[in-house]
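Visitor: Sharing a structure below in structure tokens format, with a few things to ask.
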Protein chains: 2
Amino acid sequence: MEQVKVLLEDHEIPKQWYNIVADLPTPMKPPLHPGTGQQVTPDDLAAIFPMNIIEQEASARRWIDIPDEVLQKYLLWRPSPLYRAYNFEKLLNCPVKIYYKNEGVSPAGSHKPNAAIPMAYYNKVAGTKRIVTETGAGQWGSALSMATQMFGLGCRVYMVKISYEQKPYRRMMMNTWGAECIPSPSNLTQAGRNVLAEHPDSPGSLGIAISEAIEEAVTTKGSRYALGSVLNHVLLYQTIIGLEAQKQMKKIGVYPDVVMGCCGGGSNFAGIALPYVCDKIHGKKVKLVGAEPSSCPSLTKGPFAYDFGDLAKTTPLLPMYTLGHDYIPAPIHAGGLRYHGMAPIVSHLVREKFIEARAYDQLKTFDAGVKWARTEGFIPAPETNHVLAAVVDEAMRAREEGKEKVILFNWSGHGLVDLSAYDAYLSGKLQAYELPDEEIARALRSIKDFPKP
Amino acid sequence: MEQVKVLLEDHEIPKQWYNIVADLPTPMKPPLHPGTGQQVTPDDLAAIFPMNIIEQEASARRWIDIPDEVLQKYLLWRPSPLYRAYNFEKLLNCPVKIYYKNEGVSPAGSHKPNAAIPMAYYNKVAGTKRIVTETGAGQWGSALSMATQMFGLGCRVYMVKISYEQKPYRRMMMNTWGAECIPSPSNLTQAGRNVLAEHPDSPGSLGIAISEAIEEAVTTKGSRYALGSVLNHVLLYQTIIGLEAQKQMKKIGVYPDVVMGCCGGGSNFAGIALPYVCDKIHGKKVKLVGAEPSSCPSLTKGPFAYDFGDLAKTTPLLPMYTLGHDYIPAPIHAGGLRYHGMAPIVSHLVREKFIEARAYDQLKTFDAGVKWARTEGFIPAPETNHVLAAVVDEAMRAREEGKEKVILFNWSGHGLVDLSAYDAYLSGKLQAYELPDEEIARALRSIKDFPKP
């Protein structure tokens, strides 16, 4: 009998998050106020986020204590198990050992509650009564619905309309956890009404939904906004994944050669990667690889530039790899990866060559996902299938190179609420999307006049 | 920080299943051959099941070794965590400590793989090439699809047609794991064609689907049948739940006053209860409570009688609490509890007063389920909501009696593939079903001429 899982007891859960900003060899470019072109100040953000979260967003402290109230909720599913994927290894028949963190064990089925729980908690402490947010496929919206319910806050989620209609189960999860879910664009906000006036049948986009959520948050007393990826504090909260993985790998005396995750806004990848980037900064040999969709290849095809986080240009200008804030990604099933930009921290580390990026089309990712389900049992989320494609790729490279490798990756969530995507794949209805270069050039015109980082 | 979970490491997994037949103070009535009225022999079953499983079905050995190959697959999610439900306790505000086994952590999201994995394994060893089975809401069909894929067997699942149409996600799970899923009644079997000839629009029933699956299994070379509940060997495999729970409760030095589970065919309830019934037989004070739907109240309103397990009268006559083999339960959302009979072992223990039973209507169960989701996070399956209603009930009794109680129950699965049921409940569309006494009398006419146990 071979040991499949490495567990941590409740009392072994990490008590601090890791803030990589403290260890960066070169400083990051600051976010800019789009009106003044100056660095954003905490006051600029005070209408959007509570001050305790703004402080963390700007913090350079290496370790940040996780409040007891947050730890107590984390324990509902954390520490998450570290698995060895023996069955998948056997199928691949390559000289690799494959370990993964199973973030699908959370009540929402993904890594998103790692950030939703502290956000709800800090808002509660700061006196917020309700949180407004947006969601694409629904992973973030459902996670925040659960978290706000646990801390007694109200919650409204603007969900991209096409997902609202095509993926009713995540809307039902939000309702079950007591939140309101509104299809976006809606007539509840000026941003939504503007879009509807021009395009009454608009299917919506993440950029529009962000604009609606921010508008409502800043214009409604007692309300604040929450973002589920991209920003520094979100990545900070997700580092619990990598910190646990390091403890678990140490228990079995193994250190990974490669650490991988899928990349949309960057939060689940950063969650497992940043503690290992810290090791790398301090001289350890480890390769970090982010896997993104070829239909939305910000890291592999976008420039590093200042750009807005949303379509309505509500956010500060962020220094990141981007395809342009008005880029609408193809309707692939990995809704969580359909974002035009990339977290500034991840972008900085790619630019500084600490992290590599690769892009995979969705057919290749579902091929890997079905192989995974049929060997390891757990059905992966469409987003997670991207890192699985990268793992297959890395295993094949190991065979070609004749090298033994230890791979560690973040299995970011299960696909039980995304089964219609598998149905489409298995019945031959899925398409591969590769972004043509001229389309990228077009998309980037929207940012040509912005300051250069 | 309070400890929420009690874990077992991989090497602590129980290595044997517990067979309560060895410990029964009074012997069970045997299953009968409907033609001869005599006790069923192993040969009578040889066309349906492989001989290694038939031997276990009839075994009186107390402990049965779990094969290494089965243990290795169990480790993909077992040992399952034992939880303390602090948040739900706080909400109820009663003098109870509530512990639960989270069986929702399996890849299929329920306890069903505990039985599917050994069944696939034993069939593989016996030379079976493919397994045919039936499924109601789809929990069993999806679990067996995964298990057969893992051991390289083919799998066909007859799924009750109305569930096939209303719950497409579980059909998609089966396909993702490589199995065929056929809506029943179908024109692939004589049993199905007979039903369709009379009722072309038949929505199907579990009884019809069982008949179709057995017919195909016995008439197709290399094929065998598998049943996901009711029979002795199925309950045997599920005892791993209770055996793990006993190890975990021992670790924290707590012994339960009450052990509970929901009851459909009886397998998940038996899984947690039988090791504790063993304690009770040997003098320990512990109460066992099964929770069934008031729309299908075999234990609380049916007689103890010989009856068929299926509508087409294909199975042996089983001694059990039953509402009659032609009883079609109301279309409640807990599809896994819509079965006219009850496992003979559970029935025997209820008759001998080792186990109590209670019935709950579905409105009460969803009320408990939503409260659970909003405090503990995990969204329960509609079946699981029945035991939650019983837990609430037991907690209220403790408060009325002014007694402190430790409750342990089996959280049999998550409801992420059943969210439309929550949607119906939250929008006020769910109905309560109570079975009228005259309906029971009518249903029982179908068994009036059978031998009496």
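The values are calculated or read from the model by the stated rules, or taken from the named source; none is laboratory data. The structure presented is a predicted model; accordingly, all values stated were derived computationally and were not measured. All Cβ positions, glycine included, derive from the backbone under ideal geometry; neighbour counts span all protein chains shown. SASA here: full protein model, heavy atoms, side chains in, ligands and nucleic acids out. Shrake-Rupley method; radii C 1.70, N 1.55, O 1.52, S 1.80 Å.
One line per residue, one yes/no per condition, for (1) surrounded by fewer than 10 Cβ atoms within 10 Å (Cβ to Cβ); (2) within 30 Å of B:Ala305 (Cβ to Cβ); (3) of a type in the set (Ser, Thr, Tyr):
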residue	(1), (2), (3)
B:Gly415	no, no, no
B:Leu419	no, no, no
B:Pro436	yes, yes, no
B:Arg445	no, yes, no
B:Pro451	no, yes, no
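Visitor: Same structure, new question: Looking at the range B:95-109, which of its residues are β-branched (Val, Ile, Thr) and within 9 Å of chain A (Cβ to nearest Cβ)?
Guide: B:Val105
This table checks each residue for (1) open to solvent by 50 Å² or more (accessible area, probe 1.4 Å); (2) under 21 Å from the mean Cα position of the chain (by Cα); (3) within 26 Å of A:Phe304 (Cα to Cα); (4) assigned by TED's automatic domain parsing to the domain that holds A:Asn87.
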| residue | (1), (2), (3), (4) |
| --- | --- |
| A:Gln3 | yes, no, no, no |
| A:His11 | yes, no, no, no |
| A:Pro14 | no, yes, no, no |
| A:Trp17 | no, yes, no, no |
| A:Val21 | no, yes, yes, no |
| A:Pro34 | yes, no, yes, no |
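Visitor: Where residues in the range A:262-317 are of a type in the set (A, V, I, L, M), over 19 Å from the mean Cα position of the chain (by Cα) and within 21 Å of A:Ile241 (Cα to Cα), which of them is surrounded by the fewest Cβ atoms within 10 Å (Cβ to Cβ)?
Guide: Checked the range A:262-317; the qualifying residue surrounded by the fewest Cβ atoms within 10 Å (Cβ to Cβ) is A:Ile281.
Visitor: Those residues that are basic (Lys, Arg) and not in a helix (DSSP H, G or I), I need them from the range B:174-232; list them, please.
Guide: Passing the criteria: B:Lys221, B:Arg224.
Visitor: Continuing with the same structure: Determine which member of the set A:Leu188, A:Leu206 is open to solvent by 20 Å² or more (accessible area, probe 1.4 Å) and under 23 Å from A:Pro331 (Cα atoms).
Guide: A:Leu206
Visitor: Exactly one of these conditions fails for B:Ala441: (1) outside any loop (DSSP other than H, G, I, E, B); (2) of a type in the set (A, V, I, L, M); (3) touching a Leu at 6+ places or on another chain (Cβ under 9 Å). Give me its number.
Guide: With (1) outside any loop (DSSP other than H, G, I, E, B); (2) of a type in the set (A, V, I, L, M); (3) touching a Leu at 6+ places or on another chain (Cβ under 9 Å) applied to B:Ala441, the lone miss is (3).
Visitor: Which of the residues that make up the range A:313-367 are of a type in the set (Ser, Thr, Tyr) and farther than 24 Å from A:Lys285 by Cα?
Guide: Within the range A:313-367, the subset of a type in the set (Ser, Thr, Tyr) is A:314-315, A:321-322, A:327, A:339, A:347, A:360, A:365.
Scanning the range A:313-367 gives A:Thr314, A:Thr315, A:Tyr321, A:Thr322, A:Tyr327, A:Tyr339, A:Tyr360, A:Thr365.
Visitor: State whether the residues of the range A:163-181 include one that is of a type in the set (A, V, I, L, M), out of contact with any helix residue (DSSP H, G or I) (no Cβ under 6 Å at 6 or more places or on another chain), within 14 Å of chain B (Cβ to nearest Cβ) and open to solvent by less than 10 Å² (accessible area, probe 1.4 Å).
Guide: No, the range A:163-181 contains no residue that is of a type in the set (A, V, I, L, M), out of contact with any helix residue (DSSP H, G or I) (no Cβ under 6 Å at 6 or more places or on another chain), within 14 Å of chain B (Cβ to nearest Cβ) and open to solvent by less than 10 Å² (accessible area, probe 1.4 Å).
Visitor: Every residue in the range B:112-134 that is polar (S, T, N, Q) and either part of a helix (DSSP H, G or I) or farther than 11 Å from B:Gly228 by Cα (or both), please.
Guide: Initial filter on the range B:112-134 (polar (S, T, N, Q)): B:114, B:123, B:128, B:133.
Once the filter is applied, which keeps residues that are polar (S, T, N, Q) and either part of a helix (DSSP H, G or I) or farther than 11 Å from B:Gly228 by Cα (or both), the range B:112-134 yields B:Asn114, B:Asn123, B:Thr128.
Visitor: I'd like to check something: does the range B:318-336 contain any residue that is open to solvent by 10 Å² or more (accessible area, probe 1.4 Å), farther than 22 Å from B:Tyr158 by Cβ and not in a helix (DSSP H, G or I)?
Guide: yes
Visitor: Of all residues in the range B:135-158 being within 11 Å of another protein chain (Cβ to nearest Cβ) and assigned to a helix (DSSP H, G or I), which is surrounded by the fewest Cβ atoms within 10 Å (Cβ to Cβ)?
Guide: The extreme case among them is B:Gln149.
Visitor: Does B:Arg358 satisfy the criteria of being open to solvent by 40 Å² or more (accessible area, probe 1.4 Å) and either away from chain A (no Cβ under 12 Å) or touching a residue at least 24 places away in the same chain (Cβ under 8 Å) (or both)?
Guide: Numbers: open to solvent by 40 Å² or more (accessible area, probe 1.4 Å): no; either away from chain A (no Cβ under 12 Å) or touching a residue at least 24 places away in the same chain (Cβ under 8 Å) (or both): yes.
No.
Visitor: Pick from the range A:72-94 the residues that are of a type in the set (S, T, N, Q) and facing another protein chain (nearest Cβ under 8 Å): which of them is surrounded by the fewest Cβ atoms within 10 Å (Cβ to Cβ)? Before the answer, list the steps.
Guide: Of the range A:72-94, the ones of a type in the set (S, T, N, Q) are A:72, A:80, A:87, A:93.
Checking which are facing another protein chain (nearest Cβ under 8 Å) leaves us with A:72, A:87.
Numbers: A:Gln72: 18, A:Asn87: 20.
Ranking the qualifying residues of the range A:72-94, first place goes to A:Gln72.
Visitor: Say we look at the range A:415-429 and pick out the residues that are in a loop (DSSP other than H, G, I, E, B) and over 24 Å from the mean Cα position of the chain (by Cα); which of these is nearest to the other protein chains (Cβ to nearest Cβ)?
Guide: Taking the candidates together, the pick is A:Ser427.
Visitor: What residue, of A:Gly324, A:Gly369, A:Gly336, is away from every other protein chain (no Cβ under 14 Å) and either among the polar types (S, T, N, Q) or more than 19 Å from A:Leu444 (Cβ to Cβ) (or both)?
Guide: Just one listed residue meets the conditions, A:Gly336.
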